[in-house]
Amino acid sequence: MNSNIWLKVTGLSGAAAVALGAIGAHAILKKDDYMKDTWRTANFYHFINTVALGLTSFHCTGRKRAIVGGLLLTGIVLFSGSLYTIVIMNDRKPFASIAPYGE
């Protein structure tokens, strides 16, 4: 895989992080403080891993780039995705083992 693909994935992930941050700032207002904090945490880690994914496309080459990029993308989907889902579904139970966050 060339770095162009990982740059595109980084751009999509960054755009999704911005959009989800805006949703959290405007649409999650009716949720309780725990859910707002959960959304903020998901969005924060989404942004941090997106930056790391972008840096990976510049600093890693070949197979190492694919492995590191894949792991970072998997982390975004599993951790941040499960936290976003917890807030959207307003239920922590089914995802507690994927993202052990909070109580």
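For the criterion of being at pLDDT below 95, under 27 Å from Asn90 (Cα atoms) and out of contact with any helix residue (DSSP H, G or I) (no Cβ under 9 Å at 6 or more places or on another chain), Ala22 passes.
Determine whether segment 3-16 contains at least one residue that is more than 21 Å from Thr74 (Cβ to Cβ) and modelled with pLDDT of 90 or more.
Scanning segment 3-16, I find no residue that is more than 21 Å from Thr74 (Cβ to Cβ) and modelled with pLDDT of 90 or more, so the answer is no.
Of the residues making up segment 67-85, those that are surrounded by fewer than 16 Cβ atoms within 10 Å (Cβ to Cβ) and in contact (Cβ under 8 Å) with a residue 12 or more places away in the chain number 1. I want to confirm something. Restricting to segment 17-54 and keeping residues that are among the hydroxyl-bearing types (Ser, Thr, Tyr) and closer than 15 Å to Phe79 by Cβ, which single residue is surrounded by the most Cβ atoms within 10 Å (Cβ to Cβ)? Among those residues, the one meeting the criterion is Thr50.
The values are calculated or read from the model by the stated rules, or taken from the named source; none is laboratory data. Just so it is clear, the model here is predicted, and its values are computed rather than measured. Every residue, glycine among them, receives a Cβ derived from its backbone with ideal geometry; neighbour counts consider all protein chains shown.
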